[in-house]
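Right, one structure below, let's go through it.
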Amino acid sequence: LVQERHEVADLYYASGTPMAYLIGNDGLTEINRIEGAQAILGVALAATRQLERVPDQWHQPLPPTPNPIEIPLRAGDLLPDLTVERLGGGQLTQNDLAGKRTLLFMFDPFCAPCVNLLPDFARIHADSRQPDVAMIARRDPSHIFELAREIDMPYPIAFQDNWEISRLIGAQVVPAAFIVGADLRLESEIAVGQQVIADLHRRLRQEHADRRLVSLSALLQRR
């Protein structure tokens, strides 16, 4: 079954993939929404065994690995060295981000929540008062070219072959975004998921609004 954009996902509050529900013969969901490949496989296994109740441990995510490489970067951490090929030629490195604020966006063209966020990123990039935007995408660049015919993507776009840059930042998931300061240190935690990234966009707009209020107040005081 194919949805045109995300109309079915919205009905089921599925903000990312993979997500699933187990629905009984009566049309009612039998357990809460299932998130992640391991959890979905566990529920599928339980269903094939025709168990009366799915054991809790079968539809819970696996515990996080203690591998320090997979610990996400935090606000204040220095951005690791990175070198990725840019769309249209050349490379994007951490030095290209130095001296300015950048909103770095981890993207997959087959991820519906990622695509939904593109208009917001274009607006932020076009606003000189907001951070610049840079995208690091996965998959064949031809998918990005196809998408760019329909949606404005005016910022630098680079590609990771698999998850190598995502592993460096400790977030092997899309969509993900974070702000890098002029000193190449993270100004924000890594935001994961459409709603959390949308909240990050709102904070950026509010930050600009607060600065305008402070400037107006200072101007009135001087007068």
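The values are calculated or read from the model by the stated rules, or taken from the named source; none is laboratory data. Bear in mind that the values here come from a model prediction, so they are computed numbers and not experimental data. Here the Cβ positions follow ideal geometry from the backbone for every residue, glycine too, while neighbour counts run over all protein chains shown. Side chains included, ligands, DNA and RNA excluded: accessible areas come from the protein's heavy atoms. Shrake-Rupley method; radii C 1.70, N 1.55, O 1.52, S 1.80 Å.
The set of residues from segment 116-129 being open to solvent by less than 40 Å² (accessible area, probe 1.4 Å) and small (Gly, Ala, Ser) comprises just one member, Ala122. Counting the residues of segment 161-187 that are within 26 Å of Ala9 (Cβ to Cβ) and part of a loop (DSSP other than H, G, I, E, B) gives 7.
Count of segment 116-144 residues, restricted to those that are more than 24 Å from Gln94 (Cβ to Cβ), of a type outside the set (Ser, Thr, Tyr) and without any contact (Cβ under 8 Å) to a residue 40 or more places away in the chain, is 4. If you take the residues in segment 147-170 that are out of contact with any helix residue (DSSP H, G or I) (no Cβ under 9 Å at 6 or more places or on another chain) and either within 13 Å of Phe121 (Cα to Cα) or not acidic (Asp, Glu) (or both), which one is most open to solvent (accessible area, probe 1.4 Å)? So the residue we want is Arg149. Scanning segment 201-208 for any residue that is in a helix (DSSP H, G or I), open to solvent by 20 Å² or more (accessible area, probe 1.4 Å) and within 20 Å of Asp96 (Cβ to Cβ) turns up nothing. Look at segment 10-38: where a residue is without any contact (Cβ under 8 Å) to a residue 24 or more places away in the chain and closer than 17 Å to Val192 by Cα and a partner is open to solvent by 100 Å² or more (accessible area, probe 1.4 Å) and in a loop (DSSP other than H, G, I, E, B), sitting 6+ places away or on another chain with Cβ atoms under 8 Å, you get Met19/Tyr12. The residues of segment 34-52 that are modelled with pLDDT under 75 and either charged (D, E, K, R) or not in a helix (DSSP H, G or I) (or both), listed by number, are Arg49, Gln50, Leu51, Glu52.
Residues in segment 171-195 that are surrounded by fewer than 18 Cβ atoms within 10 Å (Cβ to Cβ) and touching a Pro at 6+ places or on another chain (Cβ under 8 Å) were compared, and the one that is farthest from Pro72 (Cα to Cα) is Gly193. Yes or no: segment 141-160 includes at least one residue that is at positive phi and either of a type outside the set (Ser, Thr, Tyr) or not in a strand (DSSP E or B) (or both). No, segment 141-160 contains no residue that is at positive phi and either of a type outside the set (Ser, Thr, Tyr) or not in a strand (DSSP E or B) (or both).
Which ones in segment 77-115 are in contact (Cβ under 8 Å) with a residue 40 or more places away in the chain, among the polar types (S, T, N, Q) and open to solvent by 60 Å² or more (accessible area, probe 1.4 Å)? Hit for segment 77-115 is Gln91, nothing else.
Scanning segment 23-47 for residues that are in contact with a Leu (Cβ under 6 Å, 6 or more places away or on another chain) and either open to solvent by less than 90 Å² (accessible area, probe 1.4 Å) or of a type in the set (S, T, N, Q) (or both) yields Ile31, Gln38, Val43.
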